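Worksheet: the structure to be examined is printed underneath.
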Amino acid sequence: MAPKQIVFSGIQPTGEIHLGNYLGAIQWWRERLDERDSIFCVVDLHAITVTQDPAELVAATRRTVAVLIACGLSPAKCLIYAQSQVVAHAELGWILTCTTPVGWLLRMPQYHDKGKHQASVGSGLLLYPVLQAADILLFNADFVPTGEDQKAHVELARDIAGRFNNQYGQFFKLPESEVPEVGARIMGIDDPLNKMSKSSLATTPHHGIGLLDSPEKILSTFRRAVTDTAGVIEFSDDEGRAGVNNLLTIYQACTRKTREQVLGDFARARGYGDLKTKVAEVVIETLRPIREAYDELTHDQGLMDRVMREGAEAAIARCGDTIRDVRKRVGIIGPPTSASR
């Protein structure tokens with residue numbers, strides 16, 4: 001039997017995990033657990049590219065692990081751990097940083113998008129795509145589930161892997177990005193021209209849907225959804241109809257129906273009010289088991305720490321040969337082993 005393909009994905013612990021994260025990534029991960037060798041990392045090292053409250057970052061990391069498990073990512077079927085628990089992430093990140101041209105990083109769109117909102121930009125904001133590459137390459141991942149807007153980071157990881165291979169001999173495989181067919185880009189409820197995001201959700205109450213939102217809040221948010229004046233319920237690439245298109249996309253991603261079936265469900269709808277209500281109801285039912293599972297999981301205060309510890313121990317064992325081979329290729333000694341003491 002051929003070995004399972006390796007899938008790696010990371011998620012930041014800062015901000016609230018939202019419907020776009022679930023439909024565009026987490027649901028995709030869950031449905032492939034049995035057929036893939038899956039590794040999910042809560043990337044707390046990436047989170048500190050901007051200043052964080054230390055205690056809140058630790059708590060947020062635990063919450064993120066709880067949400068992932070509540071979404072169906074069973075630790076019995078995949079690895080879940082915090083990035084900082086596996087120091088090889090940072091070590092490989094530094095080694096790859098030393099082989100990556102600055103010009104490659106200056107071209108990354110996220111650096112400019114995030115940097116323009118900050119009076120002073122830390123070097124971590126420029127360098128974090130190399131750490132992302134290290135995250136992926138540390139396990140020689142075959143695939144990286146990602147949204148359309150993150151494909152550039154996987155392409156950079158491929159470029160970095162290729163450059164390392166050219167300098168030190170063929171070693172890393174080149175990962176592929178994997179974008180879901182439906183739900184890969186869920187837009188803001190209040191602004192359907194911009195992607196639903198954690199940062200906007202933190203500042204704008206009706207921008208998006210948090211996975212732990214109450215049914216009342218979900219319904220209230222969808223009732224405020226931006227639509228248009230056409231009054232026609234249909235999928236459309238017209239920018240002026242982005243709001244209706246976004247609502248239909250959310251409905252389709254939640255129900256897993258075809259476009260034809262979705263439009264059939266709304267054939268007798270009495271305007272956009274019915275559309276908003278029906279989408280809200282579907283989202284409420286989609287998220288209900290996640291909320292219930294999260295409440296159950298968080299009754300055990302030590303569970304998240306145990307899951308992360310066991311996941312990190314397994315990850316350290318898995319990536320040990322990789323980081324040792326990388327050290328040997330670049331000519332660094334590394335930490336002493338018990339046999340050398």
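Rule-based calculations on the coordinates, nothing more; no lab input. The model shown is predicted, which means the values in this text are computed figures rather than measured ones. FYI the Cβ positions are ideal-geometry reconstructions off the backbone, even for glycines, and counts take in every protein chain you see.
Taken along its three principal axes, the alpha carbon spread of segment 1-55 comes to 47, 23, 16 Å, from the longest extent down to the shortest. For the residue pairs 151/217; 195/217; 257/278; 77/328, alpha carbon separations beyond 25 Å are given by 151/217; 77/328.
When the alpha carbon coordinates of the chain are projected onto the principal axes, the ranges are 75, 48, 46 Å, largest first. The packing ranking of peptides 78-91, 17-30, 290-303, highest mean first, is 17-30, 78-91, 290-303, where packing means the average number of other beta carbon atoms within 10 angstrom of each residue. Note on residue 337 and residue 50: their simple-model spin labels are 4.3 nm apart, each label 7 Å out from Cα toward Cβ. Exposure proxy shown here: for 69, 186, the number of other Cβ atoms within 10 Å sets the order, fewest to most, as 69, 186. Within the chain, the whole DSSP H helices whose Cα atoms reach 18 Å or more along their own axis and whose mean Kyte-Doolittle score is at least 0.0 are 54-70, 123-137, 242-255. In sequence order, segment 12-22 has phi-based couplings of 6, x, 7, x, 8, 5, 10, 4, x, 4, 5 Hz under the Karplus curve 6.51 cos²θ - 1.76 cosθ + 1.60, θ = phi - 60°, and Gly or Pro positions carry x. Label-to-label distance, residue 167 versus residue 193, with points set 7 angstrom from Cα along the beta-carbon direction: 4.2 nm.
For segment 263-341, the C-alpha radius of gyration divided by 2.2 N^0.38 Å, with N the number of residues, is 2.21.
Taking the charge dipole of segment 198-297 about its Cα centre, with +1 at Lys and Arg Cβ atoms and -1 at Asp and Glu Cβ atoms, the residue from 283, 247, 219 reaching farthest to the positive side is 219. Taking other C-beta atoms within 10 Å as the exposure proxy, 199, 120, 177 rank 120, 199, 177 from fewest upward. Projecting the alpha carbon convex hull of segment 208-341 along each direction and taking the average yields 14.4 nm². If you take the alpha carbon atoms of segment 63-116 and fit the smallest convex hull around them, that volume is 146 Å³ per residue. The fewest-to-most ranking of 43, 307 by surrounding Cβ atoms within 10 Å reads 307, 43.
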